[in-house]
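Reviewing the structure listed below.
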Amino acid sequence: MAKFVVDQAHSALGFEVKHMMVSKVKGQFGSYSADVEAADLTDLTTASIAFKIDVASIDTRNEDRENHLKSADFFDVENYPTIDFKSTSITRDGDDYKVTGDLTIKDVTKPVTFDVEFGGKGTNPWGVEVYGFEAEAKVNREEFGLTWNAPLETGGVLVGKDIKIKVELEVNPAA
């Protein structure tokens, strides 16, 4: 098994959620670490993948919203500073993959499956092999204890239940 590193300058860990039942709020986490090991990343079924996300690095382009998300109403970063994911199985789905693993938010761990598309393999101008992947999963935030909400005068709620997690990765062999 070889170790691979995520090129964070060419990767992103993001999310989107319905806002006021009419639009979407998007955000990302700027700080995270990843452990990726595989015999061959052109066949992701050989891989073991783990992520640790620094929740305090959340960026939604709105400081007030970010501070609320970091509070005990949502992520409670003082007590739960990371979101963690560890793969438990990886299977082929045609040319793509299903990566299932344990996702831990706050003190709740649940299985989540990401639909993963292999973007390809190339060699950068410095002779280093790079691999690209895009992944997406949908989770119900309330199942992870993120239950805060506010009713709207017109009916409905301020924040949707379903969160789309979107991951874009460029990885290369560890030096």
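The values are calculated or read from the model by the stated rules, or taken from the named source; none is laboratory data. Not measured: the values here are computed from a predicted model. Cβ sites come from the backbone with ideal geometry, for glycine too, and all protein chains shown count toward neighbours.
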Pair list, Cβ < 8 Å and 6+ apart or interchain, from segment 78-91 residues that are aromatic (F, W, Y) to residues that are in a loop (DSSP other than H, G, I, E, B) and surrounded by 15 or more Cβ atoms within 10 Å (Cβ to Cβ)
Y80/K106
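Collect the residues in segment 35-46 that are surrounded by fewer than 19 Cβ atoms within 10 Å (Cβ to Cβ) and not in a helix (DSSP H, G or I), keeping them in residue-number order. Give the steps one after another, and end with the answer.
Step one: filter segment 35-46 for residues surrounded by fewer than 19 Cβ atoms within 10 Å (Cβ to Cβ), giving 35, 37, 39-40, 42-43, 45-46.
Hits for segment 35-46 are D35, E37, A39, D40, T42, D43.
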Please pick out the residue among S48, S33, S11 that is free of Cβ contacts under 8 Å to residues at least 40 places away in the same chain and either of a type in the set (S, T, N, Q) or touching a Gly at 6+ places or on another chain (Cβ under 6 Å) (or both).
S33
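Run down F51, F29 and say which single residue is more than 21 Å from G160 (Cβ to Cβ), modelled with pLDDT of 95 or more and of a type in the set (A, V, I, L, M, F, W, C). Write out each step before concluding.
On the way: F29 fails: more than 21 Å from G160 (Cβ to Cβ).
Result: F51 is the single residue among F51, F29 that is more than 21 Å from G160 (Cβ to Cβ), modelled with pLDDT of 95 or more and of a type in the set (A, V, I, L, M, F, W, C).
Taking A174 as the residue in question, decide whether it is of a type in the set (G, A, S) and surrounded by 15 or more Cβ atoms within 10 Å (Cβ to Cβ). Outline the logic, then answer.
Values: of a type in the set (G, A, S): yes; surrounded by 15 or more Cβ atoms within 10 Å (Cβ to Cβ): no.
Considered against the rule, which asks whether it is of a type in the set (G, A, S) and surrounded by 15 or more Cβ atoms within 10 Å (Cβ to Cβ), A174 comes out as no.
Within segment 99-108, count every residue that is touching a residue at least 24 places away in the same chain (Cβ under 8 Å) and surrounded by 14 or more Cβ atoms within 10 Å (Cβ to Cβ).
Here is the first cut: in segment 99-108, the ones touching a residue at least 24 places away in the same chain (Cβ under 8 Å) are 99, 101, 103, 105-108.
Checking the rest, the ones that are also surrounded by 14 or more Cβ atoms within 10 Å (Cβ to Cβ) come to 99, 101, 103, 105-106.
Counting residues in segment 99-108 that are touching a residue at least 24 places away in the same chain (Cβ under 8 Å) and surrounded by 14 or more Cβ atoms within 10 Å (Cβ to Cβ) gives 5.
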List every residue pair whose Cβ atoms sit under 9 Å apart, with the two residues 6 or more apart in sequence or on different chains, where the first one lies in segment 162-175 and is of a type in the set (G, A, S) and at pLDDT below 95 and the second, anywhere, is part of a strand (DSSP E or B) and surrounded by fewer than 18 Cβ atoms within 10 Å (Cβ to Cβ).
A174/A2; A174/K3; A174/V5; A175/V5
Look at V25 and say whether it is more than 20 Å from V171 (Cβ to Cβ), of a type in the set (V, I, T) and assigned to a strand (DSSP E or B).
yes
